[in-house]
Amino acid sequence: DNDTATKEQKEICIKRSGAKTCGFAIMYGSGPGNIASQLHITIDEASELIYLYLNGFPGVKELITDTHRRCRRQGFVTTLLGRRRNLPQINSPDRALRSSAERQSVNAIIQGTAADITKAAMRRIFRSKKLRQMNYGILNQIHDEIVNEGPEQHSDEALPLVKHYMLNPFGDGIPVLD
């Protein structure tokens, strides 16, 4: 609640929001101008944020670079479960097309893999005999959230089961798509 939050709590929320915005923007290929606009800061400040972020999380830069390199070589990227996104524009001489394909390559892996994980968790929840016996089921799915419904009297038993399926969507291993 914004009215009851302390000044320190508000500052933490602003910093967290800025960090999330910066992190997602960097992962999806935004430059200093875009980040500056989103966070209402100068381009120099945005450039400094990018520098600090990539040096603080070197794996992010490595993921982006490796994804672009692999996509240039193959012309496509795949999700964790092997769903494929063709991006032939990655090798285009047109800078705008090439940059767009680079952004899409990273986005496809992250968002596509998140979808793979969510679908696998939904399958486990849907197929659970125990949840069906308790009259629990999936009501809705929004991005990486699965909304379940069922009788309140079984919620103490259903919640840990749903949580287990969400944390272990593939059970004992990761399936490979045909």
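The values are calculated or read from the model by the stated rules, or taken from the named source; none is laboratory data. What you see is a predicted model; the values in this text were computed from it and never measured. Counting neighbours? That spans all protein chains shown, and the Cβs are built from the backbone with ideal geometry, glycine included. With ligands, DNA and RNA removed, areas are computed over all heavy atoms of the protein, side chains included. Shrake-Rupley method; radii C 1.70, N 1.55, O 1.52, S 1.80 Å.
Among (1) open to solvent by less than 60 Å² (accessible area, probe 1.4 Å); (2) in a helix (DSSP H, G or I); (3) within 25 Å of ILE142 (Cβ to Cβ), where does ARG103 come up short?
Result: ARG103 fails condition (1) only.
Right, LEU97: open to solvent by less than 40 Å² (accessible area, probe 1.4 Å), closer than 30 Å to ARG72 by Cα and not hydroxyl-bearing (Ser, Thr, Tyr) or not? Before you say what the answer is, go through the steps one by one.
Values: open to solvent by less than 40 Å² (accessible area, probe 1.4 Å): no; closer than 30 Å to ARG72 by Cα: yes; not hydroxyl-bearing (Ser, Thr, Tyr): yes.
No; evaluated as a whole, the condition is false for this residue.
So, in region 138-153, of the ones that are open to solvent by less than 100 Å² (accessible area, probe 1.4 Å) and farther than 16 Å from LEU167 by Cβ, which residue ends up nearest to the chain's Cα centre (by Cα)?
ILE142
Which condition does ASN135 not pass, out of (1) in a helix (DSSP H, G or I); (2) of a type in the set (S, T, N, Q); (3) open to solvent by 40 Å² or more (accessible area, probe 1.4 Å), if it passes all the others?
For ASN135, the failing item is (1).
For the structure I just gave you, tell me whether ALA108 is closer than 30 Å to PHE24 by Cβ, surrounded by 12 or more Cβ atoms within 10 Å (Cβ to Cβ) and in contact with a Pro (Cβ under 9 Å, 6 or more places away or on another chain).
No, not satisfied.
In this structure, does ASN140 turn out to be without any contact (Cβ under 8 Å) to a residue 24 or more places away in the chain and part of a loop (DSSP other than H, G, I, E, B)?
So ASN140 does not fit the description; no.
Filter region 83-100 down to residues that are in contact with a helix residue (DSSP H, G or I) (Cβ under 6 Å, 6 or more places away or on another chain) and within 30 Å of LYS119 (Cβ to Cβ), then give me how many there are.
The number of residues fulfilling the criteria is 5.
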